[in-house]
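Written below as structure tokens is the structure these notes are about.
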Amino acid sequence: MKILLIEDEKELRDSIVRYLQGGHYRCEIAADFRSAIEKLDLFDYDCILLDINLPDGNGLELLKTIKENKKYYGVIIISARDSLEDKITGLNLGADDYLTKPFHLAELDARVASVIRRKYFDGENIMTFGDLSIDMLSKSVSLNNIQLELTPTEYDLLLFLIINKNRGVSKNAIIMHLLGDEAEWLMQYDIVYAHIKNLRKKLTDSGSNVYIRSRYGIGYKIDSK
């Protein structure tokens, strides 16, 4: 899952990134309004962490722009402003949650996970696809109560394919999802082929009925037999 952190305070920004990346999220940063707009124009995200007070703009205006452009990202406002008016304004503009600084990183992690579950999985902690059981809290995948040994990237790739199960996903979409703003420098499809191959093998070796199919001219699509 890919997170965009829009925060100008470097120390806080760095600590959030380290913590979320330790929880198997890919976390990109924007330190100001302008760079946030640029990233949102180029990439898609599963959740946005948005500070209200940016050096060159208002985070609430950015939130309004996101919603006006019908970008259905989960948005959590993180702000030192604790007024009821700010909270109500942010939530009315379409934010999914509002967290006041200072906060515990474990609480932020739990709220990110909650927003993603609501966005993609109807708020459930356990999701099933075919004969696989996916635990959104532990970020693990099991078959018949036996856990599959997936790398963080393979887990993220599996979720991305399942989220897009009703349509094929291109190699470009996969590499952009996995690598984010590094993708433009590393547009090498060998990375995609390697992760798809490894994930396919682990699914096959486990005896799962879930299979990743190649679709000529499109990319890949996940199915359950």
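Laboratory data are not the source of any read-out in this text; all were calculated from the coordinates shown. Quick caveat, the model's predicted, so the values are computed rather than measured. As a convention, Cβ positions derive from the backbone with ideal geometry for all residues, glycine included, and neighbour counts pool all protein chains shown.
Here are the numbers for the structure shown:
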{"item": "Lys64 paired with Ser83, simple spin-label distance in nm, labels 7 Å along Cα-to-beta-carbon", "result": "1.5"}
{"item": "Neighbour-count ranking [beta-carbon atoms within 10 angstrom, fewest first] of Phe33, Phe43", "result": "Phe43, Phe33"}
{"item": "Proxy reagent accessibility, fewest Cβ within 10 Å first, across Glu85, Glu61", "result": "Glu85, Glu61"}
{"item": "Nearest-ten-degree value, helix 10-22 long axis tilted from longest Cα axis of the chain", "result": "20"}
{"item": "Alpha-carbon Rg/Rh ratio, for the chain, with Rh computed the Kirkwood way", "result": "0.98"}
{"item": "Lysine pairs in segment 105-225 with Cα atoms under 17 Å, if 8 or more residues apart or on separate chains", "result": "12"}
{"item": "Diffusion constant of segment 2-121 at 4 °C, which comes from Stokes-Einstein with the Kirkwood Cα-pair radius and 1.567 mPa s, µm²/s", "result": "92"}
{"item": "Between 0 and 90°, nearest 10: helix 33-42 axis offset from the chain longest Cα axis", "result": "20"}
{"item": "Helix-only mean residue ellipticity at 222 nm for the chain, each DSSP H run of n ≥ 4 adding -39500 (n - 2.57), per residue, nearest 500", "result": "-13500 deg cm²/dmol"}
{"item": "Fraction of antiparallel bridges per DSSP, segment 2-121 only, in percent to nearest 5", "result": "10"}
{"item": "Lysine pairs in segment 1-76 with Cα atoms under 23 Å, if 8 or more residues apart or on separate chains", "result": "11"}
{"item": "With Cα atoms, 0 to 90° folded angle of helix 59-68 axis to the chain main axis", "result": "50"}
{"item": "Rg [Å, one decimal], Dmax [Å, integer] - segment 126-224, C-alpha atoms", "result": "13.2, 40"}
